[in-house]
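Derivation of every value follows stated rules applied to the coordinates shown; laboratory data play no part. As the structure is a computational prediction, the values presented were derived from the model and not from experiment. All Cβ positions, even for glycine, are placed from backbone atoms using ideal geometry, and neighbour counts span all protein chains on display.
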Amino acid sequence: MNEELMGRYSDSLLGVFGTPQRVLARGEGCFVWDTEGRKYLDLLAGIAVNALGHAHPALISAVTQQMQTLGHVSNFFASEPQIQLAEKLLDIAAAPPGSRVFFANSGTEANEAAFKLARRNQSTRRNRIIALEGAFHGRTMGALALTAKPSYREPFEPLPPGVEHIPFGDADALRACVDDTVAAVVLEPIQGEAGIRMLPEGYLSLARELTQQAGALLIVDEVQTGVGRTGQWLASAGVVPDAITLAKGLGGGFPIGALITCGEAVSGLLGAGQHGTTFGGNPVAAAAALATIAVIEENHLLASVAAVGSEFSRGLAAIEGVESVRGRGLLIGADLESASAPKLVLRALQEGFIINSTGPHTIRLAPPLIVEPAQLTEFLTALPHLLHDMKDPSP
Ligand SMILES: *Cc1c(COP(=O)(O)O)cnc(C)c1O
């Protein structure tokens, strides 16, 4: 721990994030180093963000070249990278004709845009938005209204009205509530912050069917699951929603978010002047996302993420003290039998592994998509010892 920098951190940064565990200085591939020179295997990738790991040459080159050519222009002007990226996203999302893209700078902003889209699907009676218990959609006021966690919401009420949270994955609850008073249903195909919770088989298709019948929008939040994280471009592949939001992994570490509106009718809901952002769609962020997608394609990472991820999940599930493992591709949650997950995170950090906990007994793993099987094996080899150490009262 770098005491001097941490003192300056707490004297200068707003205390919303608690106390960071280390001050990081640099990264390369799947490793980062702290200011004291200690090396860590990064199995969290900045929370499912650093798809290409750290300091990937293709990303550096794309961002550098774009910055040298044209940095920021505002949305009074178009730029080629932004157009190329929009086309690319429509392509990888297999979006129907008439689909469009709006660029933002983060996940919460992409969801704010989706929230406004839902409001535009509102007639006098149609004023409800359905989200799920356990949902996390971001921290700005609209996205926070969609987020379920009371401790995140309550200090900031009143939030934009009309949002209801129904029990997670409960098909009957969904059937009971989706009618012609609903403007939109908003779902994560796999709940990330809630501990990598999978929707039951068929739930997403049911949501599509019910919303279609009722004239409600189906909005899929793929901020954490999108752009290859689960071994597919989209975790919702196979279902055509009305809107998709992306962010985390999209720019490979460069801030960018996107809303995809599917089809002509939905894309027409937000017209000129009804939404906007100064930075959204800027050429540098667009170039970063294009480079990230190109590396995923050129290296066939979707297939390797699926294969490496399921092998890693099997390895995790076989470890004594791991009760169950969930997830898809390289978005993995594991429940521990008895050990405290937050304590395991600290112990792992001491041993040079960055992991994360989403609950008292749940850890989350979301390594870079370029992670090598041998690097994951390193963690699997260490984990029994880390879990064992935690039973032992002596350090
Ligand atoms: C992280 C996340 C968000 C919020 O993204 P930010 O970039 O932190 O605003 C929204 N939805 C999901 C599913 C997320 O995982």
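Our summary gives the chain a relative contact order of 22 percent, counting only alpha carbon pairs under 8 angstrom and 6 or more residues apart. Past the 21 angstrom mark, what percentage of all C-alpha to C-alpha distances in segment 115-204 do you count? Pairs farther apart than 21 Å: 30 percent.
For the pair HIS275 and LEU206, the difference between a 0.36 nm per residue extended length and the Cα-Cα distance amounts to 21.8 nm. Scaling against 2.2 N^0.38 Å puts the C-alpha radius of gyration of the chain at 0.99.
Using only alpha carbons, segment 1-102 has a radius of gyration to Kirkwood radius ratio (Rg to Rh) of 1.09.
The calculated FRET efficiency for ILE83 paired with GLU264, based on their beta-carbon distance and R0 = 22 Å, is about 0.70.
When averaged across all projection directions, what area in nm² does the alpha-carbon convex hull of segment 276-337 cover? The partial results should precede the final answer.
Details: hull surface 25.3 nm².
Approximately 6.3 nm², given one-decimal rounding.
Pair-distance distribution P(r) for segment 245-317, from all Cα-Cα distances in 10 Å bins starting at 0: 16, 31, 31, 15, 6, 0 percent. Rounded to the nearest 0.05, what FRET efficiency do GLN213 and ASN2 give with R0 = 41 Å and r taken as the Cβ-Cβ distance? Could you check? Given R0 = 41 Å and the Cβ-Cβ separation, E is 0.10.
Taking 28 Å as the cut-off for C-alpha to C-alpha distance, list the pairs among LYS88/LYS248; LYS149/LYS391; LYS39/LYS391 that go past it.
Where the Cα-Cα span goes over 28 Å, the pairs concerned are LYS149/LYS391.
Scattering from segment 313-395 was approximated by placing one identical point on each alpha carbon and applying the Debye formula without solvent; log10 I(q)/I(0) at 0.11, 0.18, 0.23 1/Å stands at -0.25, -0.70, -1.20.
The GluC sites (Glu not before Pro) of segment 155-257 that meet both conditions, a loop assignment by DSSP and at most 10 other Cβ atoms within 10 Å of the site Cβ, are GLU201.
Taking label points 7 Å from Cα along the Cα-to-Cβ direction, THR381 and ALA294 give a separation of 3.6 nm.
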